[in-house]
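This report refers to the structure that appears directly beneath it.
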Amino acid sequence: MFQVNESVLYGIQGVCKIVEIAKKTFGKTSVEYYVLRPIYDGKDTRVFVPTQNEALTSKMRRVLSPGEAHEIIRQIPDEEPIWIEDENERKVRYKEILAGGNCRELIRLIKALYLHSRTLQKMGKKLHLSDEHFLKDAEKALYDEFAHVLELQRDEVLPFIFEQVQAPAEKNNDHV
């Protein structure tokens, strides 16, 4: 069970704060809801998730701890890209990854699309529009969570990641 003021990740809504746990009555039926406020949407949006609906509450997870975020960032160079040649299969898989919100999977998706984009650029081509949307959505989900748990501005996340990933590589080169 989640508590009021906890930060959670909720599917495509991203990082949300539980602002209250409220009961709503419809006819004779009373239903308890988590009331979520997405942190980075810039609006006063509220999302209502029935506490007893396992299908919906299973899409909620606690945000990473700062230590977990740092560990995931350290492992980025070792993550294998998830590239699926068949466009329809890729769309299905990437939608699943975005809905699941697993940071490692998001990183693998981002790496695949970034590398594919670079390959296409060399041929004078661009990403398919759907792949471009997947890339933006995955970056938003990942950067929002990292920004929240590492207390960074969203635009500071990518430079921070590069700095963290490059620092160990530079240390290893110093010892060669």
When we measure straight from the Cα of LYS111, which lysines land under 25 angstrom away, once same-chain ones fewer than 8 places off are left out? LYS59, LYS91, LYS95, LYS122, LYS125, LYS126, LYS136, LYS140, LYS171
Using R₀ = 30 Å, calculate the FRET efficiency as 1/(1 + (r/R₀)^6) where r is the Cβ-Cβ separation of ASP44 and LEU158; round to 0.05. 0.60
If each DSSP helix of 4+ residues adds -39,500 (n - 2.57) and the sum is divided by the residues in the chain, what number results at 222 nm, nearest 500 deg cm²/dmol? -16000 deg cm²/dmol
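Sorted by mean Cβ packing within 10 Å, highest first, what order do the peptides 88-97, 26-35 take? Display every interim value, and only then the final one.
On the way: 88-97: 15.3, 26-35: 12.1.
By packing density, highest mean first, the sequence is 88-97, 26-35.
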Any aspartates and glutamates with Cα under 18 Å of the LYS17 Cα? List them, leaving off those in the same chain fewer than 8 positions away. GLU6, GLU32, ASP41, ASP44, ASP144, GLU145, GLU151
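Coordinate-derived values only; no laboratory data. Small disclaimer: the values here were computed from a predicted structure and weren't measured. Note that each Cβ is placed from the backbone with ideal geometry, even for glycine, and that neighbours are counted across all protein chains shown.
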